[in-house]
Structure formats: structure tokens, C-alpha cells
């Protein structure tokens, strides 16, 4: 419970920045995510005669993460439906917190990508709200990790999802979680290391890859979910490496539907795919009992 | 837009139901064959069916997202 409230606290600065930069529509989407996730959990638990656990804050974290991971172009009902699906199918069906296979926020986000593909775009710039290509879309078009000032990407002055744009505030929040020992820091450390190495091999600026897209939000806040990530250090490193590899693969060669939409970011697919391997990683890297 | 979204949602739920209800009798029969007592077997088979239905939904959505152009 403490951890979930710690997560909410850590995410708050980036969420507030999103609302400040994108306006009322951002607040509506964030609230839609949180309210729907909490309501879906409470309704499901009432109907199935379980103890209502919304006070533990995990549903609110799922809703907040989902609300932060969409554009302000997304209608509130899409966020709402995705949050409810993430909570019910991704978490409650298997018995709730601690028994879920997938990160509920990511599962909800996959549902959103599949069910509401026409509401993903356009990405808007903060403050002036003009349609603009994201750094990853520029990378896909030009093949070069350039064209966007790194400082703008770091501070959150780029087009993108509500809560993803400010890497600085997300990293401050993540530092708080590490300080409070609420997260498995090895996972983002491994993911960022892979991104660093691959970017250097490609001759690109690694900072571009760090601060573009949803790497910071996904690797620091979603992949570190204690229920769906490996328990043991070696498993966490392999998990993080897998996430880094899939994200970079998707960024360079991700699925494309010409003329419709190109998936230039792969955090959702990376985290969910690695979630599938968590039970295996827990078995494989379980430390031998001390003699 | 809403109509096609509704259809897609129903497809996901449909996949989950087909896999879940399809797997349950198979899982139950397997567990019984392995000598697991009826009440425990039912509980385990139910849990496995839910798990596989969620994995099926994941795989289905990933597959569909990769060909999303067909649905827009």
C-alpha cells in the first residue's frame, strides 16, 4: 500500500506538467483513467463478492499511468474503457494484486492501441497545441536521431503523450522511488544500458533514445511493477535487457501500416512480452539456498 | 469510429471466452487423469483457463495491431 502511494507521489510531478503543458483535456484524460480504473475494480469486486481493495492505490496507479500514456487527442471514453479493461482482464480475472500476469496499465494500453487506433493521432505540441511529428516519427522518417533539441526532450517541450514528455520530472519521481526502495532499479538500468549500447553502435546520440517516446515512463514505472517483474536480481537484468532490445527493435523496424499508422514506439509490446517470461525468469534465476 | 471500436472490443472478449471455455474441459480432464481430486482440479483448471484466455487476448491484440490497417 505504501509503495502504491509512493508511485502516485512519484508520478504526480510529470502528470501536473502534462496538465500545465496540454491544458484541460489532459486533466480530463488523467481523471478518466483514474476514476474508471478505481470504479472498475470496485464494481468487479462487489459483483464477485470479494473484499474491495481500491484503498490500496494500485487501481489508481494503473489509471494514472494509462491517462498519462495517451495523447490529448484521445477521447476520454477511450481512456476510460481501456483502464477498465486493463483492471478487469489484466488484473482482477486472475485474482487481483500479486496474481496478475501482465502489467494492467500496459494491458489496458494494448487494448487502447487495438480498439481505438484512430484516436491515437495526432500528437500535439505542448502549449501551442499544434500538430507535430514526435522525435521517434522524425527518426523513422529521416533515419537520424536528430532534429529535436535534446534539452526540449528532457524538459518536456516536445509533442507526445500527456505524462511521457517530461523525462526530467519522471526521473525525479523515479529517484524518489529508488530512494524509498519501492522499485527494482536493475530493470530500467539494464534497459537503458541496452539502449545506450545499441545507439552508440548505430552512431546515434543515446540521449535522443533515452528521452524520446515512452522509454522513461515504461522502463521506470511500468516495467518495475513488483507483481509482474522478476523477483531476483539476475532475472531483473535479463528482463530489462529484453525490454531494451524490443524497444530499440520496434523503434527502428516496428510494425508499419503504410498510410494508416506506424508504431514507432515499442514500450507496450516490450513490457507485456517480457511479463510473459517473468514466471520463467523467477524459476531460472532463483538463488540457490545458502548452506 | 465508435462502431468499429465496439466491434473490436467484442472480438477481444470473444477470443477470451472461446479460449477460456475451450481450455477448461481440456485442462480439467488432464488434471483428473493425473490423479488430482475433483474440487482441486476444477479450481486449477479454472485458473489455467483464465490465464490462457488472457494470454490469447494479448496475442490476438498484438497480431491485430500489426495489421491494424485492415480495420481502420
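The numbers here are math on the coordinates, done by the rules we state, and not lab data. This is a predicted model, so every value here is computed, not measured. FYI the Cβ positions are ideal-geometry reconstructions off the backbone, even for glycines, and counts take in every protein chain you see.
Dividing the summed helix terms, -39500 (n - 2.57) for each DSSP H run of n ≥ 4, by the number of residues in chain A produces a 222 nm estimate of -19000 deg cm²/dmol to the nearest 500.
Once you average over the residues of A:89-101, how many Cβ atoms of partner chains fall within 10 Å of each Cβ?
Mean number of neighbouring Cβ atoms from other chains: 3.
Each of residue B:43 and residue A:286 was given a label point 7 Å from its Cα along the Cα-to-Cβ line. The distance between the two points is 2.0 nm. Extending 7 Å from the Cα toward the beta-carbon at both residue A:43 and residue B:59 defines two label points whose distance is 3.0 nm.
Please find the FRET efficiency linking residue A:205 to residue A:179, where r is the Cβ-Cβ separation and R0 is fixed at 30 Å, and quote it to the nearest 0.05. Working from the Cβ atoms, E equals 0.55. Averaged over the residues of B:5-11, the number of partner chain Cβ atoms lying within 10 Å of the residue Cβ comes to 4.
The range A:124-152 and the range A:164-225 have their alpha-carbon centroids 19 Å apart. Peptide packing: for A:153-164, A:6-17, the average count of neighbouring Cβ atoms within 10 Å per residue gives the ranking A:153-164, A:6-17, highest mean first. Subtracting the Cα-Cα distance of residue A:231 and residue A:50 from 0.36 nm times their residue separation leaves 62.5 nm of extension gain. Using the Cβ-Cβ distance between residue A:196 and residue B:66 with R0 set to 25 Å, the FRET efficiency from 1/(1 + (r/R0)^6) comes to roughly 0.35. Across peptide A:106-117, the average count of Cβ atoms from other chains found within 10 Å of a residue's Cβ is 6. Helix B:2-33 and the long axis of chain B differ in direction by around 20°, with both axes built from C-alpha atoms. Distance between the pseudo-spin-label points of residue A:99 and residue A:24 (7 Å out from Cα toward the beta carbon): 4.3 nm.
Once the C-beta distance of residue A:121 and residue B:29 is scaled by a Förster radius of 41 Å, the resulting FRET efficiency is 0.30 to the nearest 0.05.
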